[in-house]
Protein chains: 2
Amino acid sequence: MKLYLLYNATFYTFQPGQPTVQALAIGNGKILAAGSVEETEAALPLRAKRFNLNGLTVLPGLTDSHLHLQHYALGLQYVDCETPTRAECLQRVTQKARNTPAHTWIRGHGWNQNVWEEGFGNAVLLDEAAPNHPVYLTAKSLHAAWANSLALQAAGIDQNTPDPPDGRIQRDESGKPTGILFESAMTLVEKVIPEATLPQVRQAIEAAQPHLWSMGLTGVHDFDRRQCFMALQELEQAGLLKLRVVKSIPLENLEEAVEIGLRSGFGSPWLRIGPVKCFADGALGPQTAAMLQPYEGSSTDTGILFLDSEEILEIGQRASTSGLSLAIHAIGDHANHEVIKAYAQLRQYEHQENRPHLRHRIEHVQVLHPNHVSLLAQHDIIASMQPIHATSDMDIADRYWGERARFAYAFQTLAALGTRLTFGSDAPVESPNPFWGIHAAVTRQRHSGYPSPEGWYPQERLSLQQALEAYTVNPAYTAGRENEAGKLQPGFDADLIVLEEDPFRTPPQRLYEIRPLKTMIAGEWVWER
Amino acid sequence: MKLYLLYNATFYTFQPGQPTVQALAIGNGKILAAGSVEETEAALPLRAKRFNLNGLTVLPGLTDSHLHLQHYALGLQYVDCETPTRAECLQRVTQKARNTPAHTWIRGHGWNQNVWEEGFGNAVLLDEAAPNHPVYLTAKSLHAAWANSLALQAAGIDQNTPDPPDGRIQRDESGKPTGILFESAMTLVEKVIPEATLPQVRQAIEAAQPHLWSMGLTGVHDFDRRQCFMALQELEQAGLLKLRVVKSIPLENLEEAVEIGLRSGFGSPWLRIGPVKCFADGALGPQTAAMLQPYEGSSTDTGILFLDSEEILEIGQRASTSGLSLAIHAIGDHANHEVIKAYAQLRQYEHQENRPHLRHRIEHVQVLHPNHVSLLAQHDIIASMQPIHATSDMDIADRYWGERARFAYAFQTLAALGTRLTFGSDAPVESPNPFWGIHAAVTRQRHSGYPSPEGWYPQERLSLQQALEAYTVNPAYTAGRENEAGKLQPGFDADLIVLEEDPFRTPPQRLYEIRPLKTMIAGEWVWER
């Protein structure tokens, strides 16, 4: 049995009464005692191991509250095409082909022809790099892709293939496809790439864990689907799941879940059922997020609302008969308002039925009408937000939303009103590195310092304490695990990260550089640099 | 944090290499160390509590592998009508009526007019005992019931009601129903009794736990349905579930479970998804169990087969795509053979698909053809049996099955062939008292010693060690928890019972009298006599 002491570090506990301690006693994957070295030693047998942490800093393990685990994990197996030269990218494809059975698809991501002196690639070059594999490499922008001849063949793309609506097949002078595909032409290939099998997904997730640990993540709230859930169960049963996972249920499975009687929170400390996930609108980039007023520069375009408050209420009532909470994607101020209205009615319904508040959440909450900012706290709605989106998207937010961007990614406004914020990355859309999110929330700047020394809408900056709580205490609350996770406190999960530098003493502009030295999950050192 | 020592007892560990130890160190609900006092003390802090068990005997907590938890729990709230006089039964009804809101149904069970000097009761007597409640009391035989006037009214039973097929409404000379109902006439009332609500089920299960602990049970495999599952989840989330529950999924929910991707084994150490339950045949009593040859005394009646091997294989293949194991009710030798055939093919299928053996089981295995006794071990099929059925049913088994009863409840034949036996009670059909089951398995006698000093088919008696394993190690294996439950071993659940007398030194004929002094679950004393 593993019983031991960690001492000689600053342990930030996130317990209000005792913000730091000098030592932790750990046993059976849980924190046994937190306090002075003397106090914690008394909780342990004489022969228990002692780990001197040499004055380092310890935080509770961090949780990403919005991530697509399967897609992130599979993406890690793609060839990294973000190379200084095209030649190097091709070399990596050659390398990958050597380690991949012939005729298996090779995927890659991240190229940018503007960075490459040689410009765009073509199918012939890729054929040389990997003559026996279909190859498909997406551009960093995700608006273009580079395929080889086997991939084009598999998709049935030749000189007779017309450009699809909203897409273009790049062609040479003779009309022959070059291998570069734009926009909807990409789907011609994507739809013929075989889906990953369950063993592949399981293996990819297993292999992704060290990447997440290395960034300080000990938990995730996942928004992928059935296959991901099955892979996670297999990993847990094999003792290979070393990540606390909250697994959402897609709306399409709501009826099945209710028929079985599955509740949010059912499961183990490793893997548990989360909320039912649905979509109220689209996204900012393609201007499909549902807005109350037209996008800047348009007099009519207000995006697309997928679900109005009545439809959401109906879903919510059905889900709540089974104790299932909701997580609803809402980007635009209109979509957010519809979700808030539905949740307000759902709170009344819960009250009438004499049921407790479920941990309902809105995913993204990207822009709110000023009249609605107070409603999340009022109706006990969790704001699940991705700070990195604020800094990635600030320019297009300004462009499309104009002055409405004042309450875009409005972290501090919401927090000051008493809203519970829980943070994530939406990986693989963005990096899951939580310190990138923390940096974005605290500085409202990109790593470069852009756009200004104060950051974008600096009144929305959070304190470091607030940002860290949104990665620790609040995700635990959101998952219904507030009495066993998210703090360094007796009886809680021994999930923690050891840092070389104290983030409370790090200049905010450098927070994104932090990476843990070591990560512990359930009392086990799962990762060391 | 709870870290402490239990010492000065004979701890039967059920670890082959170390069958007994002198002390256990316990922490965080798990066994930290098992061995000598010195060895276990070294695993604990100096100030840890020490419990002197004064030379008593300790066993791992027992598990009932086949029980209907909701029905058992609701049944505990019935008036106990097994009284020496009718007057006393009526008094108990009066008492219950005082503590029950008016117009709420009062249920009772256990009366036997042959025991009562006064003979059958009638509606008028019950009306006096409970004028404001509909009352419905089933006979111990379950073939008759006693209702009061409000209950008859609610069921629409009056002198114009004809006897239903296969049933009889007892009537006085004027033709007026007396309140006594036989066989299918009982369902006229039963179908109008409102079903228990979820809060009622939750509360009933919570209240049933101490009854189970008092008998030495720390776990159950439940075969009730959705409402039971929901109540269990609510109890677990409220921290009130103190019983290890494996929850089966009814066949009617197989599709939903597969759509969601739910696997057997998903859940926590308290509550986990078990097998998919279905029925291959009926039962012995009504002669609906499916037999290869006609029942004794009939030339044609072979019972009813609900599912043949092809249908079972189809169900099994569907379930196994989601990692769901099966638990199939089979009583007669024909039903058992169909299930075995299907499982044999399912093992081939698992092999082809490169999947591990799921923990498939047959529920009851009441009678086997001699040619089929070896097939369970051969195909790695778990025999989930209820020893108490052997002693309850031996007379009707002899009557209906004649010489075929040689391989009825064939515990030792199956065990000697290497079959894994996991034992339960089918409560509320029988008492869930595991020591009654152990006694029946070891003696093949009723408590009275009937039918003979050697017991019924004495070659099928088990050793006490075998019987205890079928309540400890084997249910843990069946649930996929063989590495964390069922033994007193470091890293395992601290679930155990303390006995005044050592069952290995108790005369077998008295084993049914054993009741624990104390029961511990997850390191917590949940019950003390």
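The table that follows gives values for the structure above.
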{"read-out": "Of the criteria (1) part of a loop (DSSP other than H, G, I, E, B); (2) touching a Ser or Thr at 6+ places or on another chain (Cβ under 7 Å); (3) not aliphatic (A, V, I, L, M), which one A:Gly285 fails", "value": "(2)"}
{"read-out": "Selection status of A:Leu32, touching an Asp or Glu at 6+ places or on another chain (Cβ under 8 Å) and open to solvent by less than 30 Å² (accessible area, probe 1.4 Å)", "value": "no"}
{"read-out": "Subset of region B:197-232 (residues that are aliphatic (A, V, I, L, M) and either within 30 Å of B:Thr161 (Cβ to Cβ) or open to solvent by less than 30 Å² (accessible area, probe 1.4 Å) (or both))", "value": "B:Val201, B:Ala204, B:Ile205, B:Ala208, B:Leu212, B:Met215, B:Leu217, B:Val220, B:Met230, B:Ala231, B:Leu232"}
{"read-out": "Single match in A:His357, A:His337, A:His351, A:His329 (criterion: closer than 28 Å to A:Leu464 by Cα and either under 21 Å from the mean Cα position of the chain (by Cα) or open to solvent by 10 Å² or more (accessible area, probe 1.4 Å) (or both))", "value": "A:His329"}
{"read-out": "Among residues of region A:494-529, those that are within 22 Å of A:Ala476 (Cβ to Cβ) and free of Cβ contacts under 8 Å to residues at least 12 places away in the same chain, counted", "value": "1"}
{"read-out": "Whichever residue in region A:265-276 is open to solvent by less than 20 Å² (accessible area, probe 1.4 Å), more than 7 Å from chain B (Cβ to nearest Cβ) and in contact (Cβ under 8 Å) with a residue 60 or more places away in the chain and, among such residues, is farthest from A:Ala479 (Cα to Cα)", "value": "A:Pro275"}
{"read-out": "Members of region B:66-87 found to be over 29 Å from the mean Cα position of the chain (by Cα) and surrounded by fewer than 19 Cβ atoms within 10 Å (Cβ to Cβ), listed by number", "value": "B:Thr85, B:Ala87"}
{"read-out": "Which listed residue, of A:Ala467, A:Ala476, A:Ala522, is out of contact with any Leu (no Cβ under 6 Å at 6 or more places or on another chain) and closer than 19 Å to A:Ile26 by Cα", "value": "A:Ala522"}
{"read-out": "Sole residue being modelled with pLDDT of 95 or more, hydrophobic (A, V, I, L, M, F, W, C), more than 30 Å from A:Ser322 (Cα to Cα) and over 35 Å from the mean Cα position of the chain (by Cα), chosen from B:Val135, B:Val124", "value": "B:Val124"}
{"read-out": "Residue in region A:277-300 that is farthest from the other protein chains (Cβ to nearest Cβ), counting only those that are of a type in the set (A, V, I, L, M, F, W, C), touching a residue at least 60 places away in the same chain (Cβ under 8 Å) and open to solvent by less than 10 Å² (accessible area, probe 1.4 Å)", "value": "A:Met291"}
{"read-out": "Hits in region A:314-337 - residues which are assigned to a helix (DSSP H, G or I) and within 26 Å of A:Asp222 (Cβ to Cβ)", "value": "A:Glu314, A:Ile315, A:Gly316, A:Gln317, A:Arg318, A:Ala319, A:Ser320, A:Ala335, A:Asn336"}
{"read-out": "In region B:213-247, the residues that are of a type in the set (A, V, I, L, M, F, W, C) and over 14 Å from B:Arg202 (Cβ atoms)", "value": "B:Trp213, B:Met215, B:Leu217, B:Val220, B:Phe223, B:Val246"}
{"read-out": "Residue check, B:Gly303 in contact with a Gly (Cβ under 7 Å, 6 or more places away or on another chain) and more than 14 Å from chain A (Cβ to nearest Cβ)", "value": "yes"}
{"read-out": "Cβ-Cβ under 6 Å pairs, at least 6 apart or on other chains, region A:199-211 side outside the structural domain of A:Thr519 (by TED's automatic domain parsing), far side part of a helix (DSSP H, G or I) and aromatic (Phe, Trp, Tyr)", "value": "none"}
{"read-out": "Candidates A:Ala9, A:Ala23 - the one that is within 20 Å of A:Glu524 (Cα to Cα), open to solvent by 10 Å² or more (accessible area, probe 1.4 Å) and modelled with pLDDT of 95 or more", "value": "A:Ala9"}
{"read-out": "All strands (runs of 3 or more DSSP E) inside region A:103-196 with 1 or more residues being open to solvent by 30 Å² or more (accessible area, probe 1.4 Å)", "value": "A:106-111, A:167-171, A:177-183"}
{"read-out": "Filtered residues of region B:42-60 (kept if open to solvent by 10 Å² or more (accessible area, probe 1.4 Å) and either of a type in the set (Gly, Ala, Ser) or at the interface with chain A (Cβ under 8 Å from one of its Cβ atoms) (or both))", "value": "B:Ala42, B:Ala43, B:Leu46, B:Arg47, B:Ala48, B:Gly55"}
{"read-out": "The listed residue being surrounded by 18 or more Cβ atoms within 10 Å (Cβ to Cβ) and out of contact with any Lys or Arg (no Cβ under 9 Å at 6 or more places or on another chain), out of B:Glu430, B:Glu460, B:Glu513", "value": "B:Glu430"}
{"read-out": "Single residue of region A:449-481 satisfying the filter (among the aliphatic types (A, V, I, L, M) and in contact with a strand residue (DSSP E or B) (Cβ under 9 Å, 6 or more places away or on another chain)) that is nearest to the other protein chains (Cβ to nearest Cβ)", "value": "A:Ala479"}
{"read-out": "Selection count where residues are more than 7 Å from chain B (Cβ to nearest Cβ) and in a loop (DSSP other than H, G, I, E, B), scope region A:214-261", "value": "10"}
{"read-out": "Top-ranked residue of region A:464-495 - restricted to ones that are of a type in the set (Phe, Trp, Tyr) and surrounded by 20 or more Cβ atoms within 10 Å (Cβ to Cβ), ranked as nearest to A:Val276 (Cα to Cα)", "value": "A:Tyr471"}
{"read-out": "Elements of type strands (runs of 3 or more DSSP E) in region A:338-425, at least 3 residues being touching a helix residue (DSSP H, G or I) at 6+ places or on another chain (Cβ under 8 Å), at pLDDT 95 or above and not β-branched (Val, Ile, Thr)", "value": "A:382-385"}
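The values are calculated or read from the model by the stated rules, or taken from the named source; none is laboratory data. Keep in mind that what you see is a predicted model, and the values were worked out from it rather than measured. Because the Cβ atoms are built from the backbone with ideal geometry, glycine has one as well, and the counts that use them run over all protein chains shown. The area values use the complete protein model at the heavy-atom level, side chains included, leaving out ligands, DNA and RNA. Shrake-Rupley method; radii C 1.70, N 1.55, O 1.52, S 1.80 Å.
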